[in-house]
1. Compute the distance in nm between two label points, each set 7 Å from the Cα along the Cα-to-Cβ direction, one at B:L539 and one at B:K508.
2. To make sure I understand, if each residue's beta carbon is the centre and we count other beta carbons within 10 Å, what order do B:T436, A:T23, B:T167, B:T39 fall in, fewest to most?
3. For peptide B:353-361, what's the mean number of Cβ atoms from other chains within 10 Å of each residue's Cβ?
4. Could you rank the peptides B:176-184, B:195-203 by their average count of other C-beta atoms within 10 Å per residue, with the highest value first?
5. In peptide B:262-269, how many Cβ atoms from other protein chains are near each Cβ within 10 Å, on average?
6. What ³J(HN,Hα) values, in whole Hz, does the Karplus curve 6.51 cos²θ - 1.76 cosθ + 1.60 give for segment B:434-449 when θ = phi - 60°, with x put for Gly and Pro?
7. To the nearest 10 degrees, how steep is helix B:451-475 against the longest Cα principal axis of chain B, on a 0 to 90 scale?
8. Which of the aspartates and glutamates could be linked to B:K328 by a straight reach, that is with a Cα gap under 12 Å, when you skip same-chain ones fewer than 8 residues away?
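No lab work stands behind these numbers, since they all come straight from the coordinates. Quantities reported herein were computed from a predicted structural model and do not represent experimental measurements. Every residue, glycine among them, receives a Cβ derived from its backbone with ideal geometry; neighbour counts consider all protein chains shown.
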Amino acid sequence: MAQPPEVKPADPDASPGLPWPRTWRGVYLLVFGCFLLVVGALTLFARFFA
Amino acid sequence: MNAFDWVVLLGTMVGIAAYGAWHTRHTDHLDTYLKGSKTTGWFTIGLSVMATQASAITFLSIPGQGFESGVGFVQNYFGLPLALIIVCAVFLPLYRKLGVYTSYEFLGRRFDGKTRLLGAGLFLIQRGLAAGVTIYAPAIILCTVLGWRLDLTIIGTGLLVIVYTVTGGSVAVSLTQKWQVAVIFAGMVTAFFVLVSKFPAGLGFTGAAHLAGALGKLEAVDWSLDPARRYTVWSGVFGGLFLSLSYFGTDQSQVQRYIGGASLRESRLGLVFNALLKIPMQFCILLLGALVFVFYQFQPAPVFHNRVEWQRHAAGAHGATFRALEAKHATLHQAKQAKIAEWQAARAGGDPAAEVAARAALVAANAATDAVRAEAKSALLAEDPAAPVKDSDYVFISFIVAQLPHGVVGLLVAVMIAAALGSKAGELNALGTTSTIDLWRHFRPLAAHDERRNVRVAKWFTAFWGVFAIGFALFAGFAENLIEAINILGSIFYGVVLGIFLVAFFLKMVGGTAVFWGAVAAQSLIFALFFLRHRYPLLDFSYLWYNLIGCTACMLSSLIIQALLPNQSAGENRGNRA
């Protein structure tokens, strides 16, 4: 009988092949940072035009 | 629509479909047919993921949502970037490493055959039903406004998508989606600039945004902790996270878009592209709706935006009631225009107290017109209890047809059709693949080695689901609330399906039997919450929370059942019965 697949997250320090960020962890942090920035911008937008 | 509009519409839609079918007509390898070309880059993957998610109803309903309730709906997408990070880091590498065709195939390898069939079965039921709606929902709106025949529109768009999806499989779907998204972006950007150019002189974008904000249409972020409020930051982040994680991580119509491609890197970057772009894109579509609302503040505005339905009743036996409501609305609308002028003058005068008073008067005038619109809907229901009273879906398309120049009308109708075809193609491709891999090949394992036969079967299944969707759209006789119900259906099932996958990824000690019955128990709980929500006000919360509850309940009950079945767990966890 075959073993069930080993479930392991991919190496977050591997290179995404981009000039910046240098690791996938960095890419994920960038996405998260952009998300926070967008929520902040939407809050400011709503306040400015309220 | 005139001849120029038809040339733009048919030229783009038939041209893209023919290009997709012709370019991919020799696709006869199973891997390419089901997963797409091995050379597909991140940009095509990203656009394909985007096109599959954005159906025609996105471009019809979301501007209407912005018009009616403002831009707060954008919070619904707050969980999406976070979910895509998890899919990139955990789900995607494993799918690629195992080389599976479907996400349910992974369940078979991790657990057993019955869990795989449960996941595939839930997908086929839910997505198969939704496939009919994907064609029907935009067709009914376009046909009502443009005077087209509903049956011919459903059959025409349905056959068009079947032709290239069956011919070229996943490669054709990705290829055509890329061009369809280009048409969508071109159309929406054009609509935005034409709309702003139609504002009264001196108003401009900033003035329009201030007016929309004064009337409560730009409250993008709501930090309220009240669970009864449908869209808040919290329901968006937590409920939306689970909904998006389930949709992007486990729903085959999405998994199939990124599971192939040139490399893991390209697939990941395609998802990152969506994680960065989705919220701003949805906000822009909602903002467009809020700006259409501003446009109608300076024009005679209809009391009910589904004009065909309204005029049918206005010409009927009780037409006087409807005409009286229309006159009342017109009078109040004019009064509101006077209040807008007073508010603008107060703002320009720089007197904060006067501005506050003028704004309060404007808000009251807006509430008065809203009250007449509500009265109009009640009058329609009193006349015909089956009348479709949700007119917000008609706002944007009615605006396009009545206000935009010829050529742009054709382009914007092409946007709606392109979005319908793109999402429909993704669905058919996934339904055909799941039927072939998780049902046909599962029950006929010896046929797995005959590649040509597998491709042939996949084509037949894809065509079957296409014809099923057309038939369902033609004969099901959807009620308006059924369309909304099918949208909510996603949240009812998604949480539990996600729970099964999270158990597979993170709870190594849990086996197939435990997760199977855990999923059944969690699904029963969600059904109970859904059906008892009107009886117990405590249970009447936003449907987005079903995703979180379903997922958590599935994981917890799987753990408990596993603890009660210690003898079976060891054997199950060792075995691969898929």
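1. According to this spin-label approximation, the distance is 3.9 nm.
2. B:T39, A:T23, B:T167, B:T436
3. Going residue by residue through B:353-361 and averaging, the value is 0.
4. Sorting B:176-184, B:195-203 by mean packing, highest first, produces B:176-184, B:195-203.
5. Mean shielding count: 3.
6. 5, 5, 6, 7, 8, 10, 4, 6, 5, 8, 10, x, 5, 6, 4, 8
7. Helix B:451-475 sits roughly 30 degrees off the main axis of chain B.
8. B:D370, B:E375
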